[in-house]
Each structure stands twice: as structure tokens, then as C-alpha cells.
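Written out below as C-alpha cells is the structure these notes cover.
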Amino acid sequence: MLDSIMDAVQGFGVSTTHYLQTNYEDAQGLFLWVSWAADLRNTFFIFFPLWFHLRASVGIKLIWVAVIGDWLNLVFKWILFGERPYWWVHEAAYYANTVAPHIEQYPMTCETGPGSPSGHAMGAAGVYYTLVTSILAIVTSKKKHVYFDRYLKAILWTLFWGVQVCVCLSRVFIAAHFPHQVIAGVITGMIVAEAFNRIQWIYSASMKKYFYTTLFLTSFAVGFYLLLKAVGVDLLWTLEKAQKWCVRAEWVHLDSTPFASLLRNMGTLFGLGLGLHSPLYTETKKSSSTLVKAGCVISSLLLLHLFDSFKPPTHTAALFYLLSFCKSATVPLATVSIIPYCVNSALSLQNKKSL
């Protein structure tokens, strides 16, 4: 009974993908761009450095929401065993007595992990919910302009839901997810973000807490994987399906595997802890001039963009995972401590020369 219900739900999802691809083919470029923009990598390389230098608490909360949300997404995916449209349509008994709809694939289609809930939808919902609520908390805290606050709230929440609809349609269009998976992603992402709106200890967490949190999350995920593997359940069952049904082998990327996302997130969280407890950060956080902040924002965005062009070699999985962890840790570490220290030093030197 449950299988037939799921088949009907997923059959509807494939029909939705087919409808979007057939009737909105001209929007392909937009949908692909939205999927790229909704990737958590842009949170770490764009939103975090921008907001951390403008208001550190928002930047810190963004990292925690993104990392914990994506970690939970991985655990949910391993528990729920969600299919993906681009392989399900070829294997489902649902189409035994009829012709299955033709589904196009794109470079971002061939995700290698389970599909439920959608990581892109969950990440986008968590990150943008955090941004909207943070901006509203900052702007409306003075309570002087009631009508302005109402208009701002209406505009920001309209933009929020517009982004979520675009992300959901994008993921369904490229056949990476079924509609119910992206809806589940949006809901869970908002829940995670709202939870962190109520948590205050993350802003004063010690290096020891960052270390033990990173260790616990990594150990839990790896232990969960090994435990189920010991009883005959392979949580990497989707990798074989991706390699089998993706129309182009080069579209199956190692960095989309579950362990790649796990180590990327753990590296980011650990790097944030290192940065916040670095002597360089302690020395430079007292400098709060507009010029320093502007210099830090511009320098961070430019340097991290260049750094992102470095791609760890994929010929050895263990080396790839290790370098991914190190690369991810370097991003917040450089943003929080190294780049501000260099900017402050450069501006101080310039001031001395001008005197």
C-alpha cells in the first residue's frame, strides 16, 4: 500500500518534471543558474564573508545554520532512502504497462546521494530565513518607523518565498528531486534556522566546543554508516544508480557524494572555531572603521573567489576528502582572522607613510 502511494507521488513528480522541461525549455539557463546559486558553497564563499565583516553575529549564525542543516540533511537522506527522478524513471515498475515520460538531464542533475529531503532547498530555506530574520531584527529593533517596518517585512518575506519557489522549481526541472522532496527541504530548513534564532551560546562557543562538536558530528555520521553497513545496509547505494543512469559520466562528481559534503561542512565549522579563537582575530576585531570593514569585505570576496578555483584532485577519494576538509577550514579561518589582519596591517602602514 505504502509503495503504491509513493509510486503515485513519484510518478506525479516525474510528470511535473516532464511538463516543466517541455513547456519551459527556454528557461533552462535560469533554472540551472538558480541551482548553482542555491548551492551552500555560495553561502561559505559569498554570504559569510560579506555578513561577518558587517555584523559578525549574523555571519557566525549563517555558518552554524548551513553546517548543521546540511548535516541533518545527510542523516535524513540516509534514513529516508529517497529516490531521484533521473534514475527512478528508468527502474520503476510504475511504468510497466505504459511508456515512461522522457526526462532530460543536465550537468547538475546527477547528484549521487539519496534525494529526500532536497539539500539545495533545505540549505536555501535555512540561509535565507536566517538572513531575513536577522535583517528584520536589526532594522526593526528601534521601533520608530512602524509603516517602514511593515513594508520591509512584506518585501523581504515576499523575496524569501520567491527564492524558495525558484529553487524548488529548479531542482524539479533538472530532475534532481521530486516535488515532495523540495517541499520537505524548505520546511526542515526553516525549522533549523528558527532553532538557531533561539540559540545564543554559538556566539561565545570556546575552541574546545567547536572541536568536540565537529568530532561528534563526524563520528556520528561515520558510525551510523558503519553500523548499517555491518548489518548489510549500504548507505552509498545511490552512487551505483547515479553512475548507471547518468547520460554522461563526467556529470557524476565526487564532490556531490555524502562524505564529501560531510567533510566540507565539518571543515567549515572547525575553521570558524580556529578563526574566532586566533590571536590575529583577537588583535583585529577592535578595528571597526568603515574603511577596514569595506577592505575586509572586498578582499575576502576576491581572494576566496580565487581560492575556490582550486579543486582537490579526484583520482584518490581519501586524498580528495582530506583536501576538501582543509580547503573548507581555510575559508572561514582566512575570512575571520588572516584577511582582516592583513587589511589592518596594510592600512596602518599606509597611515604611517602619510604622516
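Quick one: would you say Val58 is under 30 Å from Tyr203 (Cα atoms) and part of a helix (DSSP H, G or I)? Taking the combined requirement at face value, the residue satisfies it.
Within the stretch 12-19, does at least one residue satisfy the condition of being β-branched (Val, Ile, Thr), in a helix (DSSP H, G or I), modelled with pLDDT under 95 and open to solvent by 30 Å² or more (accessible area, probe 1.4 Å)? No: the stretch 12-19 contains no residue that is β-branched (Val, Ile, Thr), in a helix (DSSP H, G or I), modelled with pLDDT under 95 and open to solvent by 30 Å² or more (accessible area, probe 1.4 Å). Considering the stretch 199-232, the residues that are assigned to a loop (DSSP other than H, G, I, E, B) and either among the small types (Gly, Ala, Ser) or in contact with a helix residue (DSSP H, G or I) (Cβ under 9 Å, 6 or more places away or on another chain) (or both) include one that is modelled with the lowest pLDDT, namely Gly232. Contact annotation: residue pairs with Cβ atoms under 6 Å, 6 or more positions apart or on different chains, pairing a residue in the stretch 4-22 that is farther than 18 Å from Phe81 by Cβ with a partner that is open to solvent by 50 Å² or more (accessible area, probe 1.4 Å), are Gln21/Glu104. The set of residues in the stretch 248-263 being touching a residue at least 60 places away in the same chain (Cβ under 8 Å) and hydrophobic (A, V, I, L, M, F, W, C) consists of Trp251, Val252, Leu254, Phe259, Ala260, Leu262, Leu263. Out of Val89, Val132, one residue alone is within 17 Å of the chain's Cα centre (by Cα) and either in contact (Cβ under 8 Å) with a residue 24 or more places away in the chain or open to solvent by less than 30 Å² (accessible area, probe 1.4 Å) (or both). It is Val132. Here is the figure for the stretch 306-355: residues that are small (Gly, Ala, Ser) and within 19 Å of Tyr210 (Cα to Cα) total 5. Trp245 fails exactly one of the following numbered conditions: (1) touching a residue at least 24 places away in the same chain (Cβ under 8 Å); (2) open to solvent by 70 Å² or more (accessible area, probe 1.4 Å); (3) more than 24 Å from the chain's Cα centre (by Cα). What is the number of that condition? Answer for Trp245: the failing condition is (2).
Quickly run through the stretch 23-44 and pick out the residues that are under 19 Å from Met122 (Cβ atoms) and either in a helix (DSSP H, G or I) or touching a helix residue (DSSP H, G or I) at 6+ places or on another chain (Cβ under 6 Å) (or both).
Phe31, Val34, Ser35, Trp36, Ala37, Ala38, Leu40, Arg41, Asn42, Thr43, Phe44
Does Leu50 fit the bill of being in contact with a helix residue (DSSP H, G or I) (Cβ under 7 Å, 6 or more places away or on another chain), part of a helix (DSSP H, G or I), open to solvent by 50 Å² or more (accessible area, probe 1.4 Å) and among the hydrophobic types (A, V, I, L, M, F, W, C)?
Criteria met by Leu50.
The values are calculated or read from the model by the stated rules, or taken from the named source; none is laboratory data. Since this is a predicted model, take the numbers as computed values, not measurements. Methodologically, a virtual Cβ is constructed for each residue, glycine included, from the backbone with ideal geometry; neighbour enumeration extends over all protein chains shown. Heads up: the accessible areas ignore ligands, DNA and RNA and are worked out on the full protein's heavy atoms, side chains in. Shrake-Rupley method; radii C 1.70, N 1.55, O 1.52, S 1.80 Å.
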